[in-house]
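Undergrad: Here you go, one structure.
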Amino acid sequence: EAGVAQSPRYKIIEKRQSVAFWCNPISGHATLYWYQQILGQGPKLLIQFQNNGVVDDSQLPKDRFSAERLKGVDSTLKIQPAKLEDSAVYLCASSTSDSGDNEQFFGPGTRLTVL
Amino acid sequence: GENVEQHPSTLSVQEGDSAVIKCTYSDSASNYFPWYKQELGKGPQLIIDIRSNVGEKKDQRIAVTLNKTAKHFSLHITETQPEDSAVYFCAASNNQGGKLIFGQGTELSVKP
């Protein structure tokens, strides 16, 4: 079974530029999550999708971050404009359902550096 | 809001010794407690989980204990090996669609 795929793996941009990350979840997984992991901390949920609908985006800084999952499969996360404090690893995860106690499978992450 | 505290932040043990990592949670509705291992450059990977209807679960060298009254849960690794070196995260959620809240992580180093 193929895992969660993410690209790019690394991205370096200057502040005020925009950036986009892509995620392809495990086939058949209805729930998709985007997490932000700042160096030395645990992952923090940014947004959760159930199929193509948003379940929880309470921690997403909506003035600069946006995410979509148009066909209920792939997802993109965008930051525009980026700030220095956005430097982090952005992790995508998927699970079979949004019940909260299903295993979440994580991708390798995209390491973003904002200069 | 919901919070998960994890200790210690770093742990160094000799190969063959045991390692214990402890977490406390604040949300009394939490009933699912997974542990993840994250190696350098990789995403977290589930290693064991426990639900609130049991107090202990074991899988080979790894065990997890849960004290719901005290809102504590712990990870125990016995006979540690160098390949156990990684960052370990505890987390908590509820099965009513609650999101996973992660602890701050413990960097475990197993010295040969």
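Undergrad: For segment A:7-43, which positions are β-branched (V, I, T) and under 16 Å from A:L84 (Cα atoms)?
TA: A:I12, A:I13, A:V19, A:I38
Undergrad: So, in segment A:100-111, how many residues would count as being more than 7 Å from every other protein chain (Cβ to nearest Cβ) and touching a Phe, Trp or Tyr at 6+ places or on another chain (Cβ under 7 Å)?
TA: Qualifying residue count for the region: 2.
Undergrad: How many of the residues in segment A:55-101 are among the aliphatic types (A, V, I, L, M), more than 16 Å from A:S7 (Cα to Cα) and under 13 Å from the mean Cα position of the chain (by Cα)?
TA: Of the residues in that region, 1 qualify.
Undergrad: Restricting the first residue to segment A:77-104 and requiring it to be farther than 19 Å from B:Y36 by Cα and assigned to a loop (DSSP other than H, G, I, E, B), which pairs with a second residue that is at pLDDT 95 or above and acidic (D, E) meet a Cβ separation below 9 Å and a spacing of at least six or different chains?
TA: Qualifying pairs under 9 Å: A:A82/A:E14.
Undergrad: For segment A:77-99, enumerate the residues that are more than 11 Å from chain B (Cβ to nearest Cβ) and exposed (fewer than 15 other Cβ atoms within 10 Å of the Cβ).
TA: The answer is A:K78, A:Q80, A:K83, A:L84, A:E85, A:T96.
Undergrad: Inside segment B:9-57, can you point out the residues that are in a loop (DSSP other than H, G, I, E, B), at the interface with another protein chain (Cβ under 9 Å from one of its Cβ atoms) and either without any contact (Cβ under 8 Å) to a residue 12 or more places away in the chain or among the acidic types (D, E) (or both)?
TA: B:G41, B:K42, B:G43
Undergrad: Still on this structure, I have one more. Using the structure shown, decide if B:L108 is in contact with a helix residue (DSSP H, G or I) (Cβ under 9 Å, 6 or more places away or on another chain) and in a strand (DSSP E or B).
TA: yes
Undergrad: While we're looking at this one, here's another question. For segment A:16-46, give me each residue that is free of Cβ contacts under 8 Å to residues at least 12 places away in the same chain and surrounded by 20 or more Cβ atoms within 10 Å (Cβ to Cβ).
TA: Within segment A:16-46, A:G42 is the sole residue that qualifies.
Undergrad: Moving on to the next point. Take the residues of segment A:60-71 that are of a type in the set (A, V, I, L, M, F, W, C) and in a strand (DSSP E or B): which is surrounded by the fewest Cβ atoms within 10 Å (Cβ to Cβ)?
TA: Here is the first cut: in segment A:60-71, the ones of a type in the set (A, V, I, L, M, F, W, C) are A:60, A:65, A:67, A:70.
Going one step further and asking which of them are in a strand (DSSP E or B), we end up with A:65, A:67.
Values: A:F65: 20, A:A67: 22.
Among those that are of a type in the set (A, V, I, L, M, F, W, C) and in a strand (DSSP E or B), it is A:F65.
Undergrad: Same structure, new question: Would you confirm whether any residue within segment B:87-97 is assigned to a strand (DSSP E or B), surrounded by 15 or more Cβ atoms within 10 Å (Cβ to Cβ), touching a residue at least 40 places away in the same chain (Cβ under 8 Å) and touching a Lys or Arg at 6+ places or on another chain (Cβ under 7 Å)?
TA: Checking segment B:87-97: at least one residue is assigned to a strand (DSSP E or B), surrounded by 15 or more Cβ atoms within 10 Å (Cβ to Cβ), touching a residue at least 40 places away in the same chain (Cβ under 8 Å) and touching a Lys or Arg at 6+ places or on another chain (Cβ under 7 Å).
Undergrad: How many of the residues making up segment B:35-86 are touching a Phe, Trp or Tyr at 6+ places or on another chain (Cβ under 8 Å), of a type in the set (S, T, N, Q) and either farther than 29 Å from B:P112 by Cβ or crowded, with 19+ Cβ neighbours inside 10 Å (or both)?
TA: Within segment B:35-86, residues that are touching a Phe, Trp or Tyr at 6+ places or on another chain (Cβ under 8 Å), of a type in the set (S, T, N, Q) and either farther than 29 Å from B:P112 by Cβ or crowded, with 19+ Cβ neighbours inside 10 Å (or both) number 3.
Undergrad: Do you know which residues across segment B:100-112 are within 14 Å of chain A (Cβ to nearest Cβ) and either among the acidic types (D, E) or buried (at least 20 other Cβ atoms within 10 Å of the Cβ) (or both)?
TA: B:L100, B:I101, B:F102, B:G103, B:G105, B:T106, B:E107
Undergrad: Limited to segment A:43-59, what total is found for residues that are more than 12 Å from chain B (Cβ to nearest Cβ) and part of a loop (DSSP other than H, G, I, E, B)?
TA: Qualifying residue count for the region: 2.
The values are calculated or read from the model by the stated rules, or taken from the named source; none is laboratory data. Remember, it's a predicted structure, so these values are computed and weren't measured experimentally. Positions of Cβ are generated from backbone atoms using ideal geometry, with glycine treated the same way; all protein chains shown enter the neighbour counts.
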